[in-house]
1. 5 Å is the cut-off here: which amide hydrogens, built 1.01 Å from N in the peptide plane, fall below it relative to LEU194, excluding neighbours closer than 5 in sequence?
2. Starting from the Kirkwood radius over alpha-carbon pairs of the range 138-209, derive D by Stokes-Einstein at 4 °C in a medium of 1.567 mPa s and give it in µm² s⁻¹.
Amino acid sequence: MFGPNKPIVFDPYGKRRSRARVPRWLLLLLSGTLLGAAAVVFVQERHLPQRLSAEESVQLRSAYAQAESERVRLAAQLDSQARRFEIALAETKGLGEQLAATRATSNSLRANLASVVAALPPDPRGGSVAVRAARLEFKGQGLAYDVLVSRERNEGKPLAGAMQLVVAGQSARGAAAVVDLEPIAFTVGSFESLRGNATLPEGFKPRQATVKLLDRADGKLLGMRVINVK
């Protein structure tokens, strides 16, 4: 009735194979990856700076190279300036030591000079400012002067004044003449040495000079002394 007998194969998985589907977890993974990529593209397009083109990238690299070169140059310049500063600082320290030594020598010499001034005979004419010693010498067409003055009463505050040299001698024509030289400003504490060279009229030959110490040019006489010119 049913024909020849045929063996029937029992396959319990036959139906399942015919209905095979992609696993759900794989679909979720793929969906998540796609959504993540889309989100990255969205953020880049909306919120992040635009990506540079090839030409802009080349320009950026060139600008970076220039900035780096300038940084290296400035660093080298800063290092050079630092070395110069160290050298200048060392020189300043050396000059400070020399200045201190010079001041010590000057103070010592001034102390010695004070002893010499004290040993000199007083000015016979007196005066609040006295000419203790003087040397006048005719050189070329000028009068070299070295005048040591002192104060009889030193109140601690230096006194300002002017020294007037009135020179008597012979003019270029051979006649006797007197020349008033320009006043020379000075300041004296206990004592002071006034040195310099004053110009004389052309052809004038000095013989003697009166040293006048004034409180100012054409002012009150503080002291006076007559000195022969060598």
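Bear in mind that the values in this text are calculations on the coordinates, not laboratory data. On a predicted model such as this, the values are computed, not experimentally measured, just so you know.
1. When sequence neighbours closer than 5 places are left aside, the close amide H contacts are VAL147, LEU148, VAL149.
2. Translational diffusion coefficient: 96 µm²/s.
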